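The structure appears below as structure tokens.
What follows is calculated from the coordinates using simple rules that are stated; it is not laboratory data. Remember, predicted model here, so these are calculated numbers, not experimental data. Neighbour counts run over all protein chains shown; Cβ positions are idealised from the backbone, glycine included.
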Amino acid sequence: MIQPKPVSESRTLLTDLVFPPDTNHHHTIFGGKVMAYVDKIACIAAMRHCRKPVVTVSSDSFDFLAPIKTGEAIHLEAYVTWTHRTSMEVFVKVGAENLLTGEKRLTARAYLTFIALDENGKPTPVPPVIPETEEEKKQHAHAEERYALRQKRKLELEVN
């Protein structure tokens, strides 16, 4: 059996400054740019957890809650919340910080699923995850429900 790993081993942080080329005509960061950041940081968290190459399988929830403006910092935090045999669910929080006032706010949240790959590009088992904080325990407690919804959605897509 693969040894379980604590969530803290996958936790990944990223902070960057939002410049004018990153933004739209509203002077807020492009949603696609945020999505690219989210996919990248989630990939790093998943690889830290399993120490294998991974591929993104789904983004079953991506909620934009508030815009991030030119000149603000974008801050992302990602960690593995739950694992199945070869898959990992990763939660990502996106925040903004006004660097002049210190005001911080949550701007987006997302759940992504990754599959670990072996040296032949085939799915390979991943370690179970051990939640540590209250937030992680809540995420973990509801993960099987999210997994079941993903499986249901996958079956519905195969039928159509």
### Task
For every other residue with a beta carbon closer than 12 angstrom to the beta carbon of F19, add +1 if it is Lys or Arg and -1 if Asp or Glu, then tell me the sum.
-1
## Note on the structure
About its Cα centre, the stretch 1-79 carries a charge dipole, from +1 on Lys and Arg Cβ atoms and -1 on Asp and Glu Cβ atoms, whose size in debye to the nearest 20 is 340 debye
### Query
Just E89, E97, E134 to compare: in a GNM of the chain, with alpha carbon springs under 10 Å, which one fluctuates most?
E134
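Over all directions, how big on average is the projection of the convex hull of the alpha-carbon atoms in the stretch 5-159, in square nanometres? Display every interim value, and only then the final one.
Values: hull surface 41.7 nm².
Averaging across all directions leaves 10.4 nm² for the Cα convex hull.
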### the stretch 30-55 versus the stretch 107-150: alpha-carbon centroid distance in Å
13 Å
### Rough spin-label spacing in nm, given labels placed 7 Å along Cα→Cβ, for N98 and D60
3.7 nm
#### Entry: Degrees between helix 31-50 axis and first principal axis of the chain (Cα, 0 to 90, nearest 10)
40 degrees
### Summary
For S61, the residues 5 or more places away or on another chain with a placed amide H closer than 5 Å to its own amide H are Y111
### Task
Working from Cα positions, state the angle (0 to 90°, nearest 10) between the long axis of helix 134-159 and the longest principal axis of the chain.
70 degrees
### Summary
In the chain, taking the dipole from +1 charges on Lys and Arg beta carbons and -1 charges on Asp and Glu beta carbons about the Cα centre, the listed residue (P67, V159, V94) farthest towards the positive end is V159
### Query
Which lysines have a Cα lying under 20 Å from the Cα of K33, excluding residues fewer than 8 positions away in the same chain?
K69, K93, K104
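Quote the relative contact order of the chain in percent (integer), defining contacts as alpha-carbon pairs under 8 Å separated by 6+ residues.
27 percent
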## Note on the structure
Env charge @ K122, Cβ radius under 15 Å, K,R +1 / D,E -1, value 0
### Message
Given a 10 angstrom Cα cut-off, can you work out which residue in V92, V126, V18 is the most mobile in a GNM of the chain?
### Response
V18
